[in-house]
1. For the stretch 235-247, take each phi angle, set θ = phi - 60°, evaluate the Karplus expression 6.51 cos²θ - 1.76 cosθ + 1.60, and give the result in whole Hz per residue in order, putting x for glycine and proline.
2. Would you please give the FRET efficiency between Glu225 and Ile256, computed as 1/(1 + (r/R0)^6) with r the Cβ-Cβ distance and R0 = 22 Å, to the nearest 0.05?
3. Along the charge dipole of the stretch 150-278, which of Pro199, Tyr164, Ile277 sits closest to the positive end, that is, farthest toward it, with unit charges on the beta carbon of Lys, Arg, Asp and Glu (+1, +1, -1, -1)?
4. Between Glu72 and Gln266, with labels modelled 7 Å along Cα→Cβ, what's the label distance in nm to one decimal, could you check?
5. For Val218, list long-range residues whose amide hydrogen, built 1.01 Å from N in the peptide plane, is under 5 Å from its own amide hydrogen.
6. Using a cut-off of 16 Å between alpha-carbon atoms, which lysines can reach Lys26, once sequence neighbours fewer than 8 places away in the same chain are excluded?
7. Computed FRET efficiency, Cβ-Cβ of Asp86 and Leu275, R0 22 Å: what is it to the nearest 0.05?
8. Before rounding to the nearest 500, sum -39500 (n - 2.57) across all DSSP H runs of length at least 4 in the chain and divide by the residue total; then give [θ] at 222 nm in deg cm²/dmol.
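A short reminder: the numbers here are calculations on the coordinates, not readings from a lab. Model, not experiment: these values are computed from the prediction. Counting neighbours? That spans all protein chains shown, and the Cβs are built from the backbone with ideal geometry, glycine included.
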Amino acid sequence: MSADLHIHSTYSDGSFPPEQLVKMAKENGLSTIALADHDTVEGVPEMIALGKEMGIEVIPAIEFSTVREKAEVHILGYYMDYISRDFLKRVEAFFTARLDRAREMVNRLNQLGINIHYEDVTKLAGDKYIGRPHLAMALKQAGYIKETDDAYTNELIGNGGKAYVPKFQLKPVEAISIIKEAGGIAVLAHPYFINRGKPFGEEEIRELTEYGLDGLEVYHSKHSEKTSQYYLEIAEKLNLLVTGGSDFHGENTPGIQVGDVRIDDQRVKKLKDYLGIS
């Protein structure tokens, strides 16, 4: 049996709801999955309940989007107390900032003469979460672009583009602290794939361990076998936990399926042992 510890649902920028994700996990022979939506745990209770019905263990998780200088660094959290009032208050602030960001990008698109409405974007999103993929879908639906990838340019909503709005400025060390204070495990996500930044090396990872980083996402859909081996050696050298997952977003990550990247159940057991979970 095996686990995929990096999956996204419609509660963030994935295109499938929790029910379908659990079914996919079952069909693909997974025993454990983690719903790691961006800056929200709203889908976690539903996912856990569905997992119990289908015999799939669901680990509560989150993926915080943080900024280090100009680079976007993602920090994964596992096994946090996701119903903690303090934790939810912090997460809600980031989620609200995401919605404000989406509204401002719609405003900037309007100023560029592009006639799309925030309400249209929310309908395409389906749930409360709104991100750039939903703006791209709205642009395509309105006929301004042929493919959603065409939205990520300097003329539209690409990084630094005319209608782009930077994300809420949460630092990696702050995300690590939030996760740890909620009793969770903090993991650096896809260390090779850093948006607007260089891949993380050993010294940069070591620096984060000094602030409480517990693990490294060694296995990821954007990591080659050679890259995974490189980060595995760093994890072992720094005594870090090892995780991995597909980073499945459904239609927003063409060619990637639930379970395409998986880790052995023994890796999951090490996470539990680390926290003293039976």
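1. 4, 5, 5, 8, 6, 9, 5, 10, 10, x, x, 6, 6
2. 0.85
3. Checked the options; the winner is Tyr164.
4. Here the answer is 3.6 nm between the modelled labels.
5. Counting only residues 5 or more places away or on other chains, the set is Thr243.
6. Those lysines meeting the cut-off are Lys52.
7. Step by step, r from the Cβ atoms, then E = 0.75.
8. It lands at -12000 deg cm²/dmol.
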